[in-house]
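Report on the following structure.
The values are calculated or read from the model by the stated rules, or taken from the named source; none is laboratory data. Since the model is a prediction, treat every value here as computed from it, not as a measurement. Note that we place each Cβ from the backbone using ideal geometry, even for glycine, and neighbour counts take in every protein chain shown. Calculation scope for accessible area: heavy atoms of the full protein, side chains included, ligands and nucleic acids excluded. Shrake-Rupley method; radii C 1.70, N 1.55, O 1.52, S 1.80 Å.
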Amino acid sequence: QVQLVESGGGLVQTGGSLRLSCAASGRTVSNLAMAWFRQAPGKEREFVSAISLNGRMTSYADSVKGRFTISKDNAKSSAYLQMNSLGPEDTAVYYCAASPRTRPLTTDDHDYWGQGTQVTVAS
């Protein structure tokens with residue numbers, strides 16, 4: 001069983017940055033493709049970004065391209081989401097997800113999910 005724990009969320013002003021972390025236990029991230037999703041109040045959960053098992057392939061939602069960067073550190077068994085130029089539209093609970101697969105997975109069919117971390121961007 002894999003457990004994912006997100007951290008790094010918080011309150012930030014428009015234009016600011018945050019770095020989310022996702023620590024995995026039970027299985028090293030070197031054997032997992034990772035992803036980030038988010039869910040804003042009153043909206044469905046949506047895809048944000050995904051990274052392949054070897055870290056060489058990434059995918060981003062159009063709404064975050066050029067502002068967010070996903071990465072993973074196999075030695076630390078963690079994945080990250082660097083978020084820059086944040087705006088109020090980025091306010092949501094951000095979830096880390098993982099699956100034992102090679103390629104990035106952009107749908108919510110992941111095997112493992114974290115509990116989420118709140119990101120609030122003040123205007």
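Of note:
- The set of residues from segment 71-95 being of a type outside the set (A, V, I, L, M), touching a residue at least 60 places away in the same chain (Cβ under 8 Å) and assigned to a loop (DSSP other than H, G, I, E, B) comprises 84, 85, 87.
- Entry remark, segment 24-53: residues being in a strand (DSSP E or B) and either surrounded by 15 or more Cβ atoms within 10 Å (Cβ to Cβ) or of a type in the set (Asp, Glu) (or both) number 13 in total.
- Subset of segment 84-95 that is farther than 20 Å from residue 21 by Cβ and of a type outside the set (Gly, Ala, Ser) - its residue that is least open to solvent (accessible area, probe 1.4 Å): 88
- Selection within segment 96-123 - open to solvent by less than 30 Å² (accessible area, probe 1.4 Å), part of a loop (DSSP other than H, G, I, E, B) and among the polar types (S, T, N, Q): none
- Test: residue in segment 4-21 that is assigned to a strand (DSSP E or B), at pLDDT below 95, open to solvent by 40 Å² or more (accessible area, probe 1.4 Å) and closer than 19 Å to residue 111 by Cα: no
- Count of segment 54-71 residues which are modelled with pLDDT of 95 or more, open to solvent by less than 40 Å² (accessible area, probe 1.4 Å) and either more than 20 Å from residue 117 (Cα to Cα) or touching a helix residue (DSSP H, G or I) at 6+ places or on another chain (Cβ under 6 Å) (or both): 1
- Test: residue in segment 100-120 that is closer than 11 Å to residue 22 by Cβ, without any contact (Cβ under 8 Å) to a residue 60 or more places away in the chain and not polar (S, T, N, Q): no
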